[in-house]
Amino acid sequence: MTLSGENMRINGDRLWESLMDMARIGPGIAGGNNRQTLTDADKQGRELFQRWCEEAGLSMGVDKMGTMFMTRPGTDPGALPVYVGSHLDTQPTGGKYDGVLGVLSGLEVVRTLNDLNIRTRHPIVVTNWTNEEGARFAPAMMASGVFAGAHSLDYAYGRTDMEGKSFGDELKRIGWVGGEEVGARKMHAYFEYHIEQGPILEAEDKQIGVVTHCQGLWWLEFTLTGKEAHTGSTPMAMRVNAGLAMARILEMVQEVAMANQPGAVGGVGQVKFSPNSRNVLPGTVVFTVDIRTPDQHKLDTMRATIEARAAEIAAGLGVGCAVEAVGHFDPVTFDPTLVGRVRAAAEKLGYSHMNIISGAGHDACWAAKMAPATMIMCPCVDGLSHNEAEDISREWASAGADVLFHAVLETAEMVE
Ligand code: HGY
Ligand code: MN
Ligand code: MN
């Protein structure tokens, strides 16, 4: 078979089959997945991925955050590897493709190189980052954050889930504490292929998102302290109502996000009332405000405004208010050379494409601190993600993986 550019395509059926096989591990209750980080399901998913990679001739390295690095050797032992990664962990009510598409498409790139008997000067490393989602242990993109030096290993190990279990203990429990120092690896380049998780590509009828930037993020964890009291017999004037304070703060977050349009978002996905009894006014209310925007100035002023106004709201109700930033990264600009290669690959392959800013956070955002990095996106149905109904077409999956293949091959340098 002549190896000319546009003829080289990945095996879409094989990729789809791998996606469906992985989706059987940690099934959700409505067709998606619940394969949260460091659970037994995550352990099973890791073992399956490891087996597939070893069948494809890759050798495994694991670091102290449990991130899996699966290496295909290059011809030049002195050449830094091209990394192709994403994550296998999911939200509790996650979809089958968020993260998984990028990891298994990286494996498909290697499988296709093997099929075509292509050697590359740079090694290629397919990567599964631990705890991208941050659902069980905040922050999101935790392992790639430690890799980039944004968090210490001790900080990460000490993070606890809703049941008080620590990240470090759970990583040990599933047997995935690796020996490599986190961040010791050096990268020539990093690629991440991911579903858009938003409505733009589908609405614009584009097959490929050429990701130029990723919006920045703050996760602000508020702890409001009220007074536990009977919801029936406590007069309204006597209440120290942390639940009411939370509601007013949520309304204010919505207002601040809307005041910073276009391009800003703000909301809350998780609230914990204690003691969480129907007829007890909460003693404490803990919730995380998630704000994002591609604009650095807006990101910082939104945070300052929200924290100041939340303190006023709480004080007006006599409620204690403490806030801790439990997640953050500034807006990211991806590497123009790699972005150009993604665009050129889409054009060479005849796929429709457009520039896009990533709404969701990704491990690529931290990888970009360590090496030239960029992303490729495919559409998802109705822009839906972080929902078990998340869906993509086989054609979308394959088109993005083809672009990934060509961009990675160009960067890793095919050896004639
Ligand atoms: O929060 C995010 O953007 C990612 O899905 N972890
Ligand atoms: Mn993801
Ligand atoms: Mn996600």
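The values are calculated or read from the model by the stated rules, or taken from the named source; none is laboratory data. Predicted, not measured: the structure shown is a model, and the values here were computed from it. Neighbour counts run over all protein chains shown; Cβ positions are idealised from the backbone, glycine included.
Could you list all residues from segment 339-368 that are farther than 27 Å from Arg35 by Cβ and not small (Gly, Ala, Ser)?
Scanning segment 339-368 gives Val339, Arg341, Val342, Arg343, Glu347, Lys348, Leu349, Tyr351, His353, Met354, Asn355, Ile357.
Quick check on Ala412: is it in contact (Cβ under 8 Å) with a residue 24 or more places away in the chain, within 16 Å of ligand 2 (Cβ to nearest atom), of a type outside the set (Asp, Glu) and within 24 Å of Lys186 (Cα to Cα)?
no
Those residues that are in a helix (DSSP H, G or I) and within 15 Å of ligand 1 (Cβ to nearest atom), I need them from segment 93-139; list them, please.
If the condition is that a residue be in a helix (DSSP H, G or I) and within 15 Å of ligand 1 (Cβ to nearest atom), then Val100, Leu101, Gly102, Val103 are the ones that fit.
Does segment 365-416 hold any residues that are in contact with a strand residue (DSSP E or B) (Cβ under 6 Å, 6 or more places away or on another chain) and farther than 20 Å from Ile10 by Cβ, and which are they?
Cys365, Ala367, Ala368, Ala371, Pro372, Ala373 - these are the residues of segment 365-416 that are in contact with a strand residue (DSSP E or B) (Cβ under 6 Å, 6 or more places away or on another chain) and farther than 20 Å from Ile10 by Cβ.
For segment 258-272, how many residues are surrounded by 19 or more Cβ atoms within 10 Å (Cβ to Cβ) and either of a type in the set (Lys, Arg) or within 19 Å of Val323 (Cα to Cα) (or both)?
Here the count works out to 1.
Can you name every residue in segment 216-241 that is buried (at least 20 other Cβ atoms within 10 Å of the Cβ), within 17 Å of Asn276 (Cβ to Cβ) and small (Gly, Ala, Ser)?
Once the filter is applied, which keeps residues that are buried (at least 20 other Cβ atoms within 10 Å of the Cβ), within 17 Å of Asn276 (Cβ to Cβ) and small (Gly, Ala, Ser), segment 216-241 yields only Gly226.
As an exercise: evaluate Pro77 against (1) modelled with pLDDT under 95; (2) in contact with a His (Cβ under 9 Å, 6 or more places away or on another chain) and give the number of the one condition it does not meet.
With respect to (1) modelled with pLDDT under 95; (2) in contact with a His (Cβ under 9 Å, 6 or more places away or on another chain), Pro77 is out only on (2).
Do you know which residues across segment 49-103 are out of contact with any Asp or Glu (no Cβ under 8 Å at 6 or more places or on another chain), within 25 Å of Glu395 (Cβ to Cβ) and either within 16 Å of ligand 2 (Cβ to nearest atom) or of a type in the set (A, V, I, L, M) (or both)?
Residues satisfying the conditions are Phe49, Ala56, Val100, Leu101, Val103.
Of all residues in segment 355-414 being within 16 Å of ligand 1 (Cβ to nearest atom) and of a type in the set (Asp, Glu), which is nearest to Gln91 (Cα to Cα)?
Glu388
Given the condition over 18 Å from the mean Cα position of the chain (by Cα), surrounded by fewer than 24 Cβ atoms within 10 Å (Cβ to Cβ) and not in a helix (DSSP H, G or I), answer yes or no: does some residue in segment 391-402 qualify?
The answer is yes, given that some residue of segment 391-402 is over 18 Å from the mean Cα position of the chain (by Cα), surrounded by fewer than 24 Cβ atoms within 10 Å (Cβ to Cβ) and not in a helix (DSSP H, G or I).
Just give me the residues in segment 316-335 being in contact with a strand residue (DSSP E or B) (Cβ under 8 Å, 6 or more places away or on another chain) and farther than 15 Å from Thr223 by Cβ, in sequence order.
Hits for segment 316-335 are Gly327, His328, Phe329, Asp330, Pro331, Val332, Thr333, Phe334, Asp335.
Tally up the residues in segment 118-177 that are of a type in the set (S, T, N, Q), away from ligand 2 (no atom under 16 Å from the Cβ) and touching a strand residue (DSSP E or B) at 6+ places or on another chain (Cβ under 7 Å), please.
The number of residues fulfilling the criteria is 3.
Give the number of residues within segment 289-340 that are in a strand (DSSP E or B) and over 25 Å from the mean Cα position of the chain (by Cα).
Summing the residues that are in a strand (DSSP E or B) and over 25 Å from the mean Cα position of the chain (by Cα) in segment 289-340 gives 3.
Within segment 331-352, is there a residue that is within 14 Å of ligand 2 (Cβ to nearest atom) and either at pLDDT below 95 or surrounded by fewer than 19 Cβ atoms within 10 Å (Cβ to Cβ) (or both)?
Checking segment 331-352: not a single residue is within 14 Å of ligand 2 (Cβ to nearest atom) and either at pLDDT below 95 or surrounded by fewer than 19 Cβ atoms within 10 Å (Cβ to Cβ) (or both).
If we keep just the residues of segment 75-92 that are in contact with a helix residue (DSSP H, G or I) (Cβ under 6 Å, 6 or more places away or on another chain) and part of a loop (DSSP other than H, G, I, E, B), which is surrounded by the most Cβ atoms within 10 Å (Cβ to Cβ)?
Of everything passing the filter in segment 75-92, Asp89 is surrounded by the most Cβ atoms within 10 Å (Cβ to Cβ).
Return the total of residues in segment 259-288 being within 20 Å of the chain's Cα centre (by Cα) and part of a loop (DSSP other than H, G, I, E, B).
So the answer is 2.
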